[in-house]
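Q: Can you keep this structure in mind? I'll have questions shortly.
The values are calculated or read from the model by the stated rules, or taken from the named source; none is laboratory data. In this text the structure is predicted, and so the values were computed from the model without any measurement. When we count neighbours, we look across all protein chains shown, and the Cβ atoms used for this are built from the backbone with ideal geometry, even at glycine. The accessibility values were calculated without ligands, DNA or RNA, using every heavy atom of the protein model including side chains. Shrake-Rupley method; radii C 1.70, N 1.55, O 1.52, S 1.80 Å.
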Amino acid sequence: LHIDGDPDAAALPNLETVAFDSWLGWYLAGILAGEVSLTRQVGYVGAVADDAHHAAANAFREAATGDDPEVVVDTAMVAAPGDAASGVDLALEQLGLGADIVAADAGPSDPAIAATAAQAGAFVIAGSEAFAAALPETVIATVAVLRGQALIEALRPALGTSWTPGTRRAGVADGFVELIVNQAFLD
């Protein structure tokens with residue numbers, strides 16, 4: 001089993017890949033951002049300019065503007081994975097344009113983006129529940145990809161007779177990608 005693998009990789013006869021449609025979670029995040037933004041300006045910072053982050057940014061943008069086309073969504077990608085300074089610069093740019101919610105989907109840059117938003121009095125939708133616990137007044141929601149649960153579910157057929165190689169997509173409908181709204185925000 002290959003969890004979070006490349007769905008376009010060549011199929012191997014002894015391998016099943018579980019590829020996550022995390023963009024579905026970012027779509028839900030966009031709905032939340034569009035509904036709760038007071039400034040009607042939101043931002044998305046992705047890790048790198050790859051297909052997965054472009055899909056997430058596009059889904060976030062479409063959902064945030066779905067009910068109100070007046071919502072402005074600025075999307076940007078960190079130039080290099082783990083470049084926290086670039087993530088902060090992009091978040092500061094979005095905050096400077098009036099964003100009151102920044103979606104942080106930049107992996108290692110997320111803590112710096114969340115801290116920057118907290119200092120500016122803005123909100124964050126993050127890709128890790130750890131930030132919600134660390135910054136409950138700032139992180140309003142988390143896009144969670146439940147890799148461990150997907151691994152357990154994929155192991156059951158792999159250990160039995162119903163297993164077949166190939167790629168399986170996993171998303172919101174499967175319960176492996178979800179938007180978790182922070183209880184402190186709801187309160």
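Q: Could you give the dipole magnitude of the stretch 82-174 about its Cα centre, charging the beta-carbon of Lys and Arg +1 and that of Asp and Glu -1, in debye to the nearest 20? Before the final figure, lay out the partial values.
A: On the way: 4 positive and 10 negative charges, 115 e Å.
With Lys and Arg at +1 and Asp and Glu at -1, about 560 debye.
Q: Another question, then. Hey, what angle do you get for helix 84-96 against the long axis of the chain, alpha-carbon based, 0 to 90 degrees rounded to 10?
A: 50
Q: Treating only the Cβ of Lys, Arg, Asp and Glu as charged (+1, +1, -1, -1), what charge dipole size does the chain show about its Cα centre? Round to the nearest 20 debye.
A: Details: 6 positive and 25 negative charges, 85 e Å.
Result for the chain is approximately 400 debye, rounded to the nearest 20.
Q: Separate question: Here are several values of Rg and Dmax of the Cα atoms in Å: (i) 17.2, 57; (ii) 19.0, 63; (iii) 16.9, 49. Which one was derived from the coordinates shown?
A: Given (i) 17.2, 57; (ii) 19.0, 63; (iii) 16.9, 49, the structure-derived one carries the label (i).
Q: Of the options Leu146, Ala132, Ala170, report the single residue whose Cα projects farthest towards the positive end of the charge dipole of the stretch 127-187 (beta-carbon charges: Lys, Arg +1; Asp, Glu -1).
A: Farthest towards the positive pole: Ala170.
Q: May I pose another question? Solvent-accessible area per residue for the chain at a 1.4 Å probe radius, Å²?
A: Values: 9010 Å² over 187 residues.
Value returned for the chain: 48 Å² of accessible area per residue.
Q: Ok, one more. First compute the accessible area of the stretch 1-138 with a 1.4 Å probe, then give the percent of it belonging to carbon and sulfur atoms.
A: Working: 3480 of 6230 Å².
Within the stretch 1-138, the accessible surface is 56 percent carbon and sulfur.
Q: Enumerate the amide H contacts of Glu16 below 5 Å, restricted to partners 5 or more residues apart or on another chain; note that Pro and chain-start residues carry no placed amide H.
A: His2, Gly166
Q: Choose one of Val45, Val73, Leu90: the residue whose Cα lies farthest towards the positive end of the charge dipole of the chain (beta-carbon charges +1 Lys, Arg; -1 Asp, Glu; about the Cα centre).
A: Val45
Q: Then there is this: Suppose every K and R has +1 on its Cβ and every D and E has -1 on its Cβ; what is the size of the dipole of the stretch 1-107 about the Cα centre, in Debye to the nearest 20? Let's see the in-between values first.
A: Details: 2 positive and 18 negative charges, 31 e Å.
In total the dipole reaches around 140 debye.
Q: Within 10 Å, count the other beta carbons around each residue, average over each peptide in 123-135, 8-20, 81-93, 156-168, and list them highest first. The partial results should precede the final answer.
A: Details: 123-135: 21.8, 8-20: 13.7, 81-93: 18.6, 156-168: 11.1.
Result, highest mean first: 123-135, 81-93, 8-20, 156-168.
Q: Residues of the stretch 136-153 with amide nitrogen under 20 Å from the 7 Å Cα-to-Cβ point of Trp163?
A: Output list for this probe position: 147-153.
Q: Taking the radius of gyration and the Kirkwood hydrodynamic radius from Cα positions alone, what is the Rg/Rh ratio for the stretch 105-149, to two decimal places? Walk me through the intermediate numbers first.
A: Working: Rg = 10.3 Å, Rh = 10.5 Å.
Rg/Rh: 0.98.
Q: Follow-up question, since we're still on this one. How large is Rg over Rh for the stretch 1-104, taking Rg from the Cα atoms and Rh as the Kirkwood inverse mean of 1/r across Cα pairs? Before the final figure, lay out the partial values.
A: Details: Rg = 15.7 Å, Rh = 14.6 Å.
Here Rg/Rh amounts to 1.07.
Q: Cβ neighbours within 10 Å, averaged per peptide: list 107-113, 48-54, 97-103 in order, most packed at the top.
A: Answer by packing, highest mean first, reads 97-103, 107-113, 48-54.
Q: While we're looking at this one, here's another question. What angle do you read, to the nearest 10 degrees and between 0 and 90, between the alpha-carbon axis of helix 51-66 and the longest principal axis of the chain?
A: Roughly 50 degrees, rounded to the nearest 10.
Q: Compute the helix-to-body angle for 23-36: its Cα long axis versus the longest principal axis of the chain, expressed 0 to 90° and rounded to tens.
A: It is inclined by approximately 20 degrees.
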